[in-house]
Ligand SMILES: [Zn+2]
């Protein structure tokens, strides 16, 4: 699972500390709470549908 910053959509770093995880955006230079972090897999799945349509079109 890859998480991205909800503000800038850049990948965020996972910082493991004291048994819990924090997420840090190097771009915004701020911590991102887990509930706010976006799962990039969901975003790419959404985009893959459009790519799928195009590849089907060019194959046919
Ligand atoms: Zn950010």
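Brief remarks on what is shown
- Strands (runs of 3 or more DSSP E) (entirely within region 1-40) containing at least 2 residues that are more than 11 Å from the ligand (Cβ to nearest atom) and at pLDDT below 85: 13-17, 20-25
- Residues that are surrounded by 11 or more Cβ atoms within 10 Å (Cβ to Cβ) and farther than 17 Å from residue 44 by Cα, drawn from region 8-18: 13, 14, 15
The values are calculated or read from the model by the stated rules, or taken from the named source; none is laboratory data. None of the values given here were measured: they were computed from a predicted structure. Neighbour counts run over all protein chains shown; Cβ positions are idealised from the backbone, glycine included.
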